[in-house]
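Scroll down for the structure; my scribbles are underneath it.
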Amino acid sequence: MTRTPRHDDAGQAFPIYITVVAGLLFLAFAFLAVGQAGANRNGAQTAADAAALAAALDTRDQLRDEWVKNVLDPTKWRAIFNGLGVPFDGCARADQLAAQNDATVDCAALTGTLPGYKVEATTNKTVGDSIVPGTEDKRSVQQATAVIEAVCDFEPPGVDADADVLPVLTCDERKWTLDPRHLKDLPKPEDLFDVHLAD
């Protein structure tokens with residue numbers, strides 16, 4: 001009785017198996033590279049947001065101090081609420097926050113309708129080695145802008161206004177009736193100004 005020789009299917013499937021596994025490994029490394037880049041980019045955005053907000057908050061506090069210093073002169077309130085009267089030197093604070101987030105920043109003060117700061121953060125860490133060529137020394141760069149917006153309004157005093165009566169200050173629907181003889185319960189910085197990220 002003659003036996004029919006069998007083809008070795010396992011031997012033919014092995015190269016296909018190796019090709020599939022190699023392809024899957026390549027995809028895995030590619031996804032890892034994308035993940036590394038995404039994490040680096042998120043780190044840069046976090047650093048930029050934090051730095052811009054820190055700079056704006058620092059200046060907001062200075063504006064509030066300037067308002068307190070001039071609280072008895074309502075003719076100066078509007079300029080202070082518009083961001084005038086203090087140096088916009090919050091970039092030093094932005095540098096500190098960026099360093100805490102392992103990044104460096106370029107920071108610039110913004111003037112105009114809504115004063116604030118624009119920050120560009122660059123991560124200290126690179127994306128690192130991956131299968132994507134040229135990423136070894138690549139650093140992520142992201143931008144953020146934070147603005148300082150006054151949330152208070154008041155009726156400016158008239159020419160014949162009583163110097164012993166201060167305007168009622170309305171901040172986000174809360175009214176502050178200020179007594180020039182008892183200036184203890186004054187609005188805090190967050191009562192006078194809103195600091196937020198802008199698009």
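Return the residue satisfying two criteria in turn: it lies in the range 133-145 and is of a type in the set (S, T, N, Q) and modelled with pLDDT of 75 or more, and of such residues it is farthest from residue 90 (Cα to Cα).
The selected residue is 140.
Give the range 77-109 a look and list any residue that's farther than 20 Å from residue 119 by Cα, out of contact with any helix residue (DSSP H, G or I) (no Cβ under 8 Å at 6 or more places or on another chain) and not aliphatic (A, V, I, L, M), or say none.
Once the filter is applied, which keeps residues that are farther than 20 Å from residue 119 by Cα, out of contact with any helix residue (DSSP H, G or I) (no Cβ under 8 Å at 6 or more places or on another chain) and not aliphatic (A, V, I, L, M), the range 77-109 yields 78, 82.
Which residue out of 116, 90 is buried (at least 16 other Cβ atoms within 10 Å of the Cβ), small (Gly, Ala, Ser) and touching a Leu at 6+ places or on another chain (Cβ under 6 Å)?
On inspection, the qualifying residue turns out to be 116.
If I go through the range 46-79 residue by residue, how many of them are at pLDDT below 95 and touching a Ser or Thr at 6+ places or on another chain (Cβ under 8 Å)?
1
Mind listing whichever residues of the range 62-90 are of a type in the set (S, T, N, Q) and either assigned to a loop (DSSP other than H, G, I, E, B) or touching a residue at least 40 places away in the same chain (Cβ under 8 Å) (or both)?
Of everything in the range 62-90, those that are of a type in the set (S, T, N, Q) and either assigned to a loop (DSSP other than H, G, I, E, B) or touching a residue at least 40 places away in the same chain (Cβ under 8 Å) (or both) turn out to be 70, 75, 82.
Matching residues to (1) at positive phi; (2) modelled with pLDDT of 95 or more; (3) in a strand (DSSP E or B):
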| residue | (1), (2), (3) |
| --- | --- |
| 94 | no, yes, no |
| 97 | no, no, no |
| 104 | no, no, yes |
| 107 | no, yes, yes |
| 112 | yes, no, no |
| 118 | no, yes, yes |
| 122 | no, no, yes |
| 131 | no, no, no |
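Can you report the number of residues in the range 179-198 which are within 17 Å of the chain's Cα centre (by Cα) and charged (D, E, K, R)?
1
The values are calculated or read from the model by the stated rules, or taken from the named source; none is laboratory data. Note that this is a predicted model, so its numbers are computed, not measured. Glycine gets a Cβ as well: all are built from the backbone with ideal geometry, and neighbour counts include every protein chain shown.
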